[in-house]
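Notes to accompany the following structure.
The values are calculated or read from the model by the stated rules, or taken from the named source; none is laboratory data. What you are looking at is a predicted structure, and each value in this text was computed from that prediction instead of being measured. Methodologically, a virtual Cβ is constructed for each residue, glycine included, from the backbone with ideal geometry; neighbour enumeration extends over all protein chains shown. These area figures cover heavy atoms from the full protein model, side chains too; ligands, DNA and RNA do not enter into them. Shrake-Rupley method; radii C 1.70, N 1.55, O 1.52, S 1.80 Å.
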Amino acid sequence: MNRNENGAVLSVKDVTLAYGGRTVVENVSFELMKGEILCLVGANGSGKSTLIKGILGLMPAAKGKIELHCGRDKLAYLAQLNTTDRDFPATVKEIVLSGTQTPGWRLPFYTRENRERAAEAMKLLRIEEFADRRIGNLSGGQQQRVLLARAIARRPEVLVLDEPCSALDPAITGELYGLFDSLRDSLGLSILISTHDWDYVSRSGDRVLELHQEPEFLGETGEWLKRKGGAR
Amino acid sequence: MGAFFEALQFPFMYRALIVGVLVSLCAALLGVVLVLKHYSLIGHGLGEVGFASLALAVALDLPPMTVAIPLVVIASFLIMYVSQRAGSSGEIAIAILSTAALSAGVLITSVSKGFNIDVSGYMFGSILAMTKTDVYLSAGLSALVLLLYGLLFNRLFAITYDEVNARATGINVTMYQFVISFLTAITVVLGMRMMGTMLISSLIIFPAITAKRLAGSFKAMTITAAVVSVICFAIGLCISFLWSLPTGASVVGVNLVALLLSRLVPAKN
């Protein structure tokens, strides 16, 4: 059983997160349900990335509780594209395979299952032809597809996306959003996505959590759009 | 060249060759991770700490290794801890620690016996410094580094390529980083008496940078760094013996030539 009795794969209860002595996220509660796309929105500095760090276990919660009902090996993460290390000597295959690693002591080599998972993920993301190429020599969109394949190779149940399309052009952004939707539909993933893209939220989001509102808004996407008056 | 092979009959020469090859191999493997993680200054900082600890050992008339190993290992943990917490200012922490250690070494030396032959040898290395114990220690260290590197290879790749993602997926990144720190400290201690405390970091940095240019994958970079490092050491030792030059500086010179030659090769796609 990888969800609680309500069908949630992730529960965040009254969580407060502080950074450098300053409270950034205060008393936030929500549940991510099986197979839903929950959009995390809010202005820059509203605490979206901090909340994601808390969920990923990268920073401790000052208060409250974060529960991942499916186990950490079923969680995958995709951040915004970081192009600072373009000359890192890593092939696409090496990167996607690394996504199959799970916590704890494991065999020091990749098993046949690991290789099959990586091959499936590369096929799904249509990057097989780049398998032996160095990541730094791919375009930004291709690199982000590789990192998404690394996430998918884990066969996750929860996919956490932190502004995954920032710094990418509109065509590639549209393609990636389409991929997120199809992964949700085909694999039944639960997706928590931090984004500024209202088009994506209105088109694909099942629910919205808006931070730094008083109180924080959590509800259906249609209701959130109504509150915003359709304003951009 | 014949003279070099004849010289290998002498115990000090074959000891130097064995220790040098093994330490070069370990330093190159660790250097791949350190260079890619932008921790290459750690080797330099540990070399300076090694100098201070050797100066302390001479002043207190204690066996060098018994003082150097614990102090350099502690310093490596401290550097890694500060680098983790300080983020980008980790480089400043390393700079402070290394200059402080160098100053401490100079002060200890000047208030004790002055710059005698031992300290000078430690700073710039000596081919004569290797003992039977060093050979055994180097063999043990190499076995440990090769074993751990082989066992942790895929983990090290995941951590080196994307530390945040590794942490997010539940991998104990901090533990692996401290393992790398520990192995680096031991490698530096074993290599610094031959290469010199001032130059030991070159064994960590140069082969990795050369290999980074030549290799198209992490695995290829690791193998290339190991091969380049061992070949450069052997050539450097040969040059050092034939022309009576300091070993450390000769090995660094050969590594520098290899690095410059690698720049002539087009970058990998």
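Overall dimensions of the stretch A:1-89, expressed as equivalent-ellipsoid semi-axes from the Cα gyration tensor (√(5λ), whole Å, largest first), are 23, 19, 12.
Probing with 1.4 Å while keeping every protein chain in the model, the per residue accessible area of the stretch B:36-96 equals 43 Å².
For chain B, the membrane-span-like helices by this rule, meaning whole DSSP H stretches whose C-alpha atoms cover at least 20 Å of axis and whose Kyte-Doolittle mean is -0.5 or above, are B:11-36, B:41-60, B:64-86, B:90-111, B:132-161, B:173-195, B:200-214, B:218-242, B:247-262; this says nothing about an actual membrane.
Cβ-Cβ distance of A:N6 and B:I74, R₀ of 51 Å, FRET efficiency by 1/(1 + (r/R0)^6): the value works out to about 0.50. Spin-label model, A:E220 to A:T16: label points 7 Å out along the Cα-to-beta-carbon direction sit 3.4 nm apart.
Taking only the C-alpha atoms of the stretch B:2-262, the Rg (one decimal) and the largest Cα-Cα distance, Dmax (whole number), read 17.8, 57 Å. Charge tally for A:V92 (other residues, Cβ to Cβ under 11 Å; Lys, Arg +1; Asp, Glu -1): +1.
Taken about its Cα centre, the stretch A:1-142 carries a charge dipole of roughly 140 debye when the Cβ of each Lys and Arg holds +1 and the Cβ of each Asp and Glu holds -1.
Within the stretch A:92-230, DSSP assigns beta bridges of which about 45% are antiparallel (rounded to the nearest 5). Taking the longest Cα principal axis of chain A as reference, the axis of helix A:170-187 is set at about 90 degrees. Peptides B:188-197, A:88-97, B:58-67 ordered by packing proxy, namely the average of other Cβ atoms within 10 Å per residue, highest first: B:188-197, A:88-97, B:58-67. Between A:T23 and B:L62, the modelled labels are 5.1 nm apart [label points 7 Å from Cα along Cα→Cβ]. Measuring r between the beta carbons of A:D199 and A:R126 and using R0 = 30 Å, the FRET efficiency lands at 0.80.
A:H196 contributes an accessible area of around 90 Å² to the protein surface, as traced by a 1.4 Å probe with all chains present. The figure for A:K63 is an accessible area of roughly 110 square angstrom, using a 1.4 Å probe on the protein chains alone. Interface residues of the stretch B:148-174, defined as those losing at least 30 Å² of solvent-accessible heavy-atom surface relative to the isolated chain (probe radius 1.4 Å), are listed as B:L151, B:N154, B:R155, B:F157, B:Y161, B:V164, B:N165, B:A168, B:T169, B:G170.
Heavy-atom surface analysis with a 1.4 Å probe gives chain A a carbon and sulfur content of 47 percent of its accessible area.
Estimated at the nearest 10 Å², the accessible area of A:D14 is 80 Å² with a 1.4 Å probe. The share of accessible area on the stretch B:2-262 that comes from carbon and sulfur is 74 percent, using a 1.4 angstrom probe.
Inter-part distance, the stretch B:141-184 to the stretch A:82-142, computed on C-alpha centroids, equals 18 Å.
R0 = 30 Å: FRET efficiency of B:F153 with A:A167, Cβ-based, nearest 0.05? Plugging the Cβ-Cβ distance into 1/(1 + (r/R0)^6) gives 0.45. Angle of helix A:140-152 to the longest C-alpha principal axis of chain A, folded into 0 to 90 degrees and rounded to 10: 90°.
Calculated mean residue ellipticity, 222 nm, the protein assembly as shown: -19500 deg cm²/dmol, from DSSP H runs (n ≥ 4) at -39500 (n - 2.57) each, averaged per residue and rounded to 500.
Charged neighbours of B:T131, selected by a Cβ distance under 13 Å, balance to +2 (K, R count +1; D, E count -1). Buried between A and B is an accessible area of approximately 2500 Å², summed over both sides with a 1.4 Å probe. Full extension of the segment from B:T133 to B:I96, taken as 0.36 nm per residue of separation minus the current Cα-Cα distance, would add 10.0 nm. A cut-off of 5 Å between modelled amide H atoms, ignoring neighbours fewer than 5 places along the same chain, links A:G64 with A:T16. Size check on the stretch B:168-247: the Cα extents along the three principal axes, sorted descending, read 54, 29, 14 Å. Taken residue by residue and averaged, Cβ atoms of other chains lying within 10 Å of the Cβ of B:67-74 number 0. All alpha carbon pair distances within the stretch A:169-211 were sorted into 5 Å bins beginning at 0; the resulting P(r) in whole percents reads 6, 19, 34, 26, 12, 3. Work out which residues of the stretch A:94-116 lose at minimum 10 square angstrom of accessible surface when the other protein chains are put back, relative to the chain isolated, with a 1.4 angstrom probe, and list them by number. Residues meeting the cut-off: A:E94, A:I95, A:S98, A:Q101, A:T102, A:P103, A:G104, A:W105, A:P108, A:Y110. A simple count of charges around A:R155, restricted to other residues whose Cβ falls under 11 Å of its Cβ and scoring Lys, Arg +1 and Asp, Glu -1, yields -2.
Residue pairs exceeding 23 angstrom between C-alpha atoms, taken from A:K74/B:K219; B:K37/B:K212; A:K63/B:K37: A:K74/B:K219; A:K63/B:K37.
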